[in-house]
Amino acid sequence: MPSSVVLHTATQTIDEVLRSLSSSPQGLSSTEAHQRQLKYGMNRLTAKSVKWWEVLLRQIRSPFMYILMFAAILSFLLRESVDGLMILSFIIVNTLLGFFQEFRSEQALKVLQKYTVSHARVFRDGHDRQLETLSLVPGDVIWLEPGDVVPADVRLIESADLLIDESVLTGESLPVEKAAIAYSGTSILRGTAKAVVVTIGKETAVGEIAKLTVETRHLSSFEKGMKNFSSFVLKLVVITLFFLFVGNIFIKSSTVNIIELLIFSIALATAVIPEALPLVITFSLSRGAVNLAKHKVVVKRLSAIEDLGGIQVLCTDKTGTLTRNVMAVSDLYAAGGPVNDSAVFVAAALAIPTQSKRQDPFDLAILEAVKNRQLLLPQVKHLAELPFDPQRRRNSVLIEEKNTKKVIIRGALEAVLPFCHHMHSTEREQIIDWAQRQGVSGRRVIVIASRVYHRAVTADYSIETEEKQLVFIGCLAFTDPLKTTAAAAIAKAKQLGIQVKILTGDGPAVAGATAKEVGLISDLSQVTTGAEFELMNLTQQHHAVFTCHVFARVSPQQKFAIIELLKEKYEVGYIGEGINDAPALKAANVSLVVQGASDIAKEAADVILLHSSLRVIIDGIQEGREVFANTIKYVRLTMVSNFGNFFALGIASFLIPYLPMLSIQILLVNLLTDLPLIAVATDSVDPAEVLRPERYDLKDFALISTFLGSIASLFDFLFFGFFFRISPGALQTNWFIGSIFCELVLFFSLRTKLPFFKAKMPSKSVMILMMISAAVAVIIPHTAFGQSFFHFQNPGHYLVLTLSLVFSYFVTTEVVKLLYYRVFDTHPAPLDHMV
């Protein structure tokens, strides 16, 4: 609920409000603002910052760790100190590794978030300047315009045609007109306002519902899948171990050692549970975030990286991504002929808004043209203005020149020309024909018109004023050069199975010319306009969004509708920057904005582009797919090797009067095999792996685990068959070495869907850690420490047999893997029908 302080200001006059806040229409001084910041604090909600010890505790808050801790405590209570110390060491190593990676990820995200800071136009020391919204204090005077998110609860000093979206507070989708108060977190949709800050941070209305507005952790579809997968594994393991434990007691009732069997069962559980999965995901995401940042792509949440990799359809405006967004005046059409060319430029320049905090490329191009032509602008007084609105597609200013008030309007042809009167039909047709020819050449056209304003009170100036008895002045055509990387980016997108679609407010001729130039369409007739889309029934709209790649003259509502239809079949990304893009950004699976985007667009975005380029985005999608591919490697590997080993050891425990592998040896296997897998995020990825987006697919995991897990179990039984008659030490030692080497070679097989010798080499860090694990597995059974502490037996000449079985396992796994991927195509369907 709004605070009583804010509500009270609504009943006061502006002078009373400013006086109560010890402020003025000119704002505060820097000194006074600093003193108030010491008193009131920063303008932010009391979002809880993550402390290092919270990250540490997070590592042990999982069922996997609870099982390990229970096993360690039980071992110490039963005076099995060696087992207890081993389990405790395992807990410490995993906790520290997880803490190190997650804490580093938290710090990396904090650094990246500096690029997402919002700014406000604030009046300080008699000047207006851009300041971070965090630094606002009560009494600050700010300026609001379309695209801004209101940074604090404010009392409006003056406003013009102000329309605000308050859905963040009220849940109502319809915008409301405001004349007194605007609340923090709401969005300016139309009009402008000058306002004084009344309350900040947690004292604002939105502060009362901070839990709904502060940044919360977003789970990607992949993370949700992994969470469900982990839960499934845990339940399966617990049920299986229960029957294993009860079965052993029933079969070996006279000889079974209950305590030893219990600790063995718990150790076996730790061997199959993918306890390093959260660590691998965190490491992969944080590494991906840093890599993306190097390419000027900043993620607001780590999980957005995998969402980015899942994009199948990428919708974008053409300006700034395909084109340079550096306008230049290329041609003009003046009413009355070339003799009036200068009047067109002067009128266009006088219509430049003075209160906007953003530099519009059209304005810059007009000023550059005025400068090059050495034209002198008359001295005028700006009385009021109505900023550009995506619905009206025009802006206007009210000026006073030599005691004469005049309205000057600039906008799209169809948004201005219909309101121009006293124009012969022949001239109107000539203007339309000229504009169409400019459009075919890929140029954008704006129309300039004006009228005398007879009213004495400027407060009456409104949208309706723009639509009465306008006098046509002329048109300007602008070129926006294509980016040199645009065509290559479109080509790479096609290689990656990404369909690019242009959703733009530009006319069909301009949008079509650009799309044709970059190779997205072959003919201008392949462009669909927003008006045409609106006239279609639902079936026709479905067909249009899947087959058409360029939509021109689309409204924000139409962009939203197009994306909603696309989402029915595909993962959709959307690139935007303006207030008109906010609905589409919220609708998309992944929303991307450029650094200079409006506050509303930034609020809705998952990813911020510091460099507006389609190539950067396509590279980011590829990075996201590589992150996903490496994480999937860990899942496949652990499911195949761990489950195969798990069931083999469990069944073997029924067949012999001793344990096939001691609990302490199982824990060491788990530690040595997990060590190189922690670095799987750094592994190289085959180009074929990123050609199409992968999906979390439990069916795929189950199938490959069944096929290759059966092979793993088969070879585990071969180890058992060769060594169980020799001695307990021989079986346990050689099965230990074989388990480690089998999982290491399995990584070389499962890291690629190609024959292993055709795949890219593993990363250096993975190779080093694998060699360390392999060396420890071979050396430790030969040492006195290994034989006394871990109860190993010197493998002697049996080592050759063990390594021969490992080699045979690798060859068999490769053959079965290649057959599996030949029969079961796990890739999603291509987007051929969209091309």
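The values are calculated or read from the model by the stated rules, or taken from the named source; none is laboratory data. This is a predicted model, so every value here is computed, not measured. In this analysis, Cβ positions are derived from the backbone assuming ideal geometry, glycine residues included, and neighbour counts consider all displayed protein chains.
Listed here are the residues, each with its yes/no results for (1) surrounded by fewer than 19 Cβ atoms within 10 Å (Cβ to Cβ); (2) part of a strand (DSSP E or B).
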position	(1), (2)
Val122	no, yes
Gln130	yes, yes
Ile142	no, yes
Pro146	no, no
Val154	no, yes
Ala160	no, yes
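Could you tell me which of the residues Val206, Val233, Val198 is hydrophobic (A, V, I, L, M, F, W, C), more than 28 Å from the chain's Cα centre (by Cα) and modelled with pLDDT under 80? One residue alone meets the criteria, Val233.
Take the conditions (1) in a loop (DSSP other than H, G, I, E, B); (2) farther than 19 Å from Glu623 by Cα; (3) touching a residue at least 24 places away in the same chain (Cβ under 8 Å); Val344 misses just one of them, which is (1). Contact list please: Cβ distance under 6 Å, first residue in the range 487-502 and closer than 19 Å to Lys567 by Cα, second residue crowded, with 17+ Cβ neighbours inside 10 Å and not hydrophobic (A, V, I, L, M, F, W, C), pairs at least six apart or on different chains. Matching pairs, first to second residue: Gly497/Arg692; Lys501/His549; Ile502/Lys318.
You will find that of Thr484, Thr547, Thr514, the residue that is closer than 21 Å to Arg324 by Cβ and in contact (Cβ under 8 Å) with a residue 60 or more places away in the chain is Thr514 and no other.
Number of residues in the range 577-629 that are of a type in the set (Asp, Glu), surrounded by fewer than 21 Cβ atoms within 10 Å (Cβ to Cβ) and closer than 18 Å to Ile563 by Cα equals 0.
Here Leu367 does not fit the description of being modelled with pLDDT of 90 or more and not in a helix (DSSP H, G or I). Of all the listed residues (Pro687, Pro676, Pro660), the sole one being at negative phi and over 30 Å from the mean Cα position of the chain (by Cα) is Pro660. Does the range 650-662 contain any residue that is modelled with pLDDT under 80 and closer than 22 Å to Gln787 by Cβ? For the range 650-662, residues modelled with pLDDT under 80 and closer than 22 Å to Gln787 by Cβ: absent. How many of the residues in the range 773-793 are of a type in the set (S, T, N, Q) and surrounded by 15 or more Cβ atoms within 10 Å (Cβ to Cβ)? Adding up the residues that qualify gives 3. Look at (1) of a type outside the set (D, E, K, R); (2) crowded, with 23+ Cβ neighbours inside 10 Å; (3) part of a helix (DSSP H, G or I) and you find that Ala349 fails only one, number (2). Would you check if Ile600 is of a type outside the set (Ser, Thr, Tyr), closer than 23 Å to Asn325 by Cα and outside the structural domain of Thr186 (by TED's automatic domain parsing)? Criteria met by Ile600. Looking at the range 825-835, is at least one residue assigned to a helix (DSSP H, G or I), at pLDDT 90 or above and of a type outside the set (S, T, N, Q)? No, that holds for no residue.
Please tell me if Asn291 is outside the structural domain of Val238 (by TED's automatic domain parsing) and more than 22 Å from Asn589 (Cα to Cα). When the stated conditions are applied, Asn291 does not pass them. When we screen Lys402, Lys406 for residues that are out of contact with any Pro (no Cβ under 6 Å at 6 or more places or on another chain), touching a residue at least 40 places away in the same chain (Cβ under 8 Å) and farther than 16 Å from Cys475 by Cβ, the only hit is Lys406. Taken as a whole, the range 414-429 holds at least one residue that is closer than 21 Å to Phe388 by Cβ, acidic (Asp, Glu), assigned by TED's automatic domain parsing to the domain that holds Val346 and surrounded by fewer than 19 Cβ atoms within 10 Å (Cβ to Cβ). For the range 715-729, check the following and say yes or no: at least one residue is surrounded by fewer than 17 Cβ atoms within 10 Å (Cβ to Cβ), modelled with pLDDT of 90 or more, touching a Ser or Thr at 6+ places or on another chain (Cβ under 9 Å) and of a type in the set (A, V, I, L, M). Yes, there is a match, as at least one residue in the range 715-729 is surrounded by fewer than 17 Cβ atoms within 10 Å (Cβ to Cβ), modelled with pLDDT of 90 or more, touching a Ser or Thr at 6+ places or on another chain (Cβ under 9 Å) and of a type in the set (A, V, I, L, M).
If you go through the range 431-457 and keep only what is under 24 Å from Ser330 (Cα atoms), in contact (Cβ under 8 Å) with a residue 12 or more places away in the chain and of a type outside the set (Val, Ile, Thr), you end up with Trp434, Ala435, Gln436, Gln438, Gly439, Ser441, Gly442, Arg443, Arg444, Ala449, Ser450.
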